[in-house]
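The values are calculated or read from the model by the stated rules, or taken from the named source; none is laboratory data. These numbers were taken from a predicted model, which means no experiment stands behind them. Cβ coordinates were reconstructed from backbone atoms using ideal geometry, including for glycine residues, and neighbour counts include every protein chain displayed. Accessible surface areas use protein heavy atoms only, side chains included; no ligands, DNA or RNA. Shrake-Rupley method; radii C 1.70, N 1.55, O 1.52, S 1.80 Å.
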Amino acid sequence: MSELSENLRNMRLMRGYSIKEVASNVGCAPNTIANYEKGTISPNVDMLQELCNFYKISPNQVFGWEHCPELENFINEKKAIMEKLNNLHKQKADIDKQIRSLAKQLNQRK
């Protein structure tokens, strides 16, 4: 995933839009927005300008060439949430392992 595609996805998430809402507002198909965000295809200059206008961000910011504090804060908060989620998954795996061990001990007592 390129910085452009990742920033387009993060801008959409930060603004709280669905892919369909963005597509409707910039005049393209939802799968086109999804492909931009995956990095499968890149928007042409006109579409890039439409997206930047819609998200209220400059092209330099969406490419990551210029500082965008709002986007950077969102990405940092998103990373912190993802770390917490990963830690919860690890804790769940540890708890599941303990439960299996206890169940095995209980079954052996029978």
#### Entry: Residue list for the stretch 86-97, filter: open to solvent by 90 Å² or more (accessible area, probe 1.4 Å) and either touching a residue at least 60 places away in the same chain (Cβ under 8 Å) or under 21 Å from residue 13 (Cβ atoms) (or both)
88, 89
### Query
For the stretch 80-110, what are the residues that are among the basic types (Lys, Arg) and either closer than 30 Å to residue 52 by Cα or part of a helix (DSSP H, G or I) (or both)?
84, 90, 92, 97, 100, 104, 109
### Message
Quick test for you: out of 83, 37, 72, pick the one residue that is under 27 Å from residue 7 (Cβ atoms), among the acidic types (Asp, Glu), open to solvent by 90 Å² or more (accessible area, probe 1.4 Å) and within 17 Å of the chain's Cα centre (by Cα).
### Response
83
### Query
Restricting attention to the stretch 1-34, which residues are among the hydrophobic types (A, V, I, L, M, F, W, C), open to solvent by 30 Å² or more (accessible area, probe 1.4 Å) and touching a residue at least 40 places away in the same chain (Cβ under 8 Å)?
13, 14
### Task
For residue 108, indicate whether it is of a type outside the set (Asp, Glu) and modelled with pLDDT under 95.
yes
### Summary
Going through the stretch 47-79 in order, the residues found to be assigned to a helix (DSSP H, G or I), among the hydrophobic types (A, V, I, L, M, F, W, C) and at pLDDT below 95 are 62, 71, 74, 75
